[in-house]
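Taking it in order: structure first as structure tokens, then the write-up.
The values are calculated or read from the model by the stated rules, or taken from the named source; none is laboratory data. Because the structure is a prediction, the values reported are computed rather than measured. Using ideal geometry, Cβ is built from the backbone for each residue, glycine included, and neighbour counts are taken over all protein chains shown.
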Amino acid sequence: MRKPLKITLLTMGVIVALPVLLVTTTSIVNVVATTSDLAAIAPYGELVPVDGRQMNIVDSGAGAETIVLLPGLGTAAPALDFQPLISELEKSYRVIAVEPFGTGLSDQTDVPRTAENISREVHEALQYLGVDRYVLMGHSIAGIYALRYSTSYANELVAFVGIDSSVPDQPGWDEPVQTDGLVALRDLGILRALSAISGDTYDGMPYDEHTKEQMRLLTTRNSTEPTLLDEADRAPANFASVSGATFPPTLPVLLFVAADDRDVASWVPLHERQAGSVELGEVISVDGEHYLHHTQSGLLAQDTAAFLETLPVR
């Protein structure tokens, strides 16, 4: 009887020890790889002073009109992520891609990630650049920030263009974004391991290998840092802060809506209602999923130009 028991105990010991050994290994690999990753991040854009810190922006194109791009929640390298769209827009416009604090090459911050603070910081960056008349173009939760922004700086805005942008009171707005345990998973190297086996997120999209690698490095660096985690944690409160809000009635609004986005019930009607709250509002349904600027940048640029051409005063 003792020999089978001894074998069973040995087997159980191996089963328990393997996960411990695996986690220990991934933790060590993560520490070494993180140091290597940081050294491999290549600078791009321009750092501008905002609220005593440095915010990174990419300023390109030389058109008479300016379009300012704002990212969605959790976009770790906005200016790189927007690259296909920037390449299309800069043919006709000056394009400024803002990397809010905690994203891209911008600094971290301990200032709470409220819609009001984010809007104020973006505006301070634009003021530093001398930009005081522009189209605000934002993806996803930037639609919520844009509502706050338009309340404070309406006289500077030519129009708002939403890229599958969030709207007030959309279903699920009050559900918390799950961030618990992410830092521990990062430190244990589990997130890195999962990323390695998940494949190329940008496969088949118009990004070169260098850009894809830089986005991967910046995602590893930024996605579990305090600034982005705080923004995610505050998402329900930021939605609540604009409940029932609309854009100023005289602000032209163009909303691109992903036709393949089925996560939110009545997604298109919600945007049609928002567009109907202003004097000049339009909704364009686009084939594709939430990140339309990854796959439909040419169409977004073309239809944005057509919409702006209809505006009587620009």
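Conditions (1) out of contact with any Leu (no Cβ under 9 Å at 6 or more places or on another chain); (2) modelled with pLDDT under 95, marked per residue:
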position	(1), (2)
GLN214	no, yes
PRO249	yes, no
ALA259	yes, yes
ASP303	no, no
VAL313	yes, yes
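Does LEU311 satisfy the condition of being touching a strand residue (DSSP E or B) at 6+ places or on another chain (Cβ under 6 Å), outside any helix (DSSP H, G or I) and not charged (D, E, K, R)?
no
For GLU279, only one of the following conditions fails: (1) modelled with pLDDT of 95 or more; (2) surrounded by 14 or more Cβ atoms within 10 Å (Cβ to Cβ). What is its number?
Every listed condition holds for GLU279 apart from (2).
Being assigned to a helix (DSSP H, G or I), at pLDDT 95 or above and under 20 Å from the mean Cα position of the chain (by Cα), is that true of even one residue in the range 262-276?
Yes, the conditions are met somewhere in the range 262-276.
How about the range 27-63: which of its residues are of a type in the set (A, V, I, L, M), modelled with pLDDT under 65 and surrounded by 13 or more Cβ atoms within 10 Å (Cβ to Cβ)?
Of everything in the range 27-63, those that are of a type in the set (A, V, I, L, M), modelled with pLDDT under 65 and surrounded by 13 or more Cβ atoms within 10 Å (Cβ to Cβ) turn out to be VAL29, ALA33.
Working carefully through the options GLU175, GLU88, find the one that is out of contact with any Asp or Glu (no Cβ under 7 Å at 6 or more places or on another chain) and farther than 23 Å from ASP287 by Cβ.
When all the criteria are applied, what remains is GLU175.
Give me the residue from the range 119-141 that is of a type in the set (Gly, Ala, Ser) and touching a Phe, Trp or Tyr at 6+ places or on another chain (Cβ under 9 Å) and, out of that set, nearest to GLU88 (Cα to Cα).
My answer is GLY138.
Condition first: among the polar types (S, T, N, Q), at pLDDT below 95 and exposed (fewer than 14 other Cβ atoms within 10 Å of the Cβ). Now tell me which residues in the range 155-178 satisfy that.
GLN178
SER285 is checked against (1) surrounded by fewer than 20 Cβ atoms within 10 Å (Cβ to Cβ); (2) touching a residue at least 60 places away in the same chain (Cβ under 8 Å) and fails just one. What number does that condition carry?
(2)
Can we say GLU121 is at pLDDT 95 or above, surrounded by 19 or more Cβ atoms within 10 Å (Cβ to Cβ) and among the acidic types (Asp, Glu)?
yes
For the range 84-111, give me each residue that is within 17 Å of the chain's Cα centre (by Cα) and either among the charged types (D, E, K, R) or in a loop (DSSP other than H, G, I, E, B) (or both).
GLU99, PRO100, PHE101, GLY102, THR103, GLY104, LEU105, SER106, ASP107, GLN108, THR109
Here is a check on your reading of the model: is LEU300 over 22 Å from PRO78 (Cβ atoms) and not in a strand (DSSP E or B)?
no
For the range 97-142, how many residues are more than 15 Å from PHE160 (Cβ to Cβ) and among the β-branched types (Val, Ile, Thr)?
Summing the residues that are more than 15 Å from PHE160 (Cβ to Cβ) and among the β-branched types (Val, Ile, Thr) in the range 97-142 gives 6.
Just checking, how many residues over the range 126-146 are part of a helix (DSSP H, G or I), surrounded by 24 or more Cβ atoms within 10 Å (Cβ to Cβ) and aliphatic (A, V, I, L, M)?
Number satisfying all stated conditions: 3.
Which one of these does GLU99 not meet: (1) within 26 Å of THR220 (Cα to Cα); (2) surrounded by fewer than 24 Cβ atoms within 10 Å (Cβ to Cβ); (3) among the charged types (D, E, K, R)?
Exception for GLU99: condition (2).
For the condition surrounded by fewer than 15 Cβ atoms within 10 Å (Cβ to Cβ), of a type in the set (S, T, N, Q) and either touching a His at 6+ places or on another chain (Cβ under 8 Å) or on the phi < 0 side of the Ramachandran plot (or both), what is the one hit in THR246, THR227, THR310, THR220?
After applying the criteria, what remains is THR310.
Determine if the range 63-84 includes at least one residue that is out of contact with any strand residue (DSSP E or B) (no Cβ under 8 Å at 6 or more places or on another chain), farther than 17 Å from LEU126 by Cα and polar (S, T, N, Q).
yes
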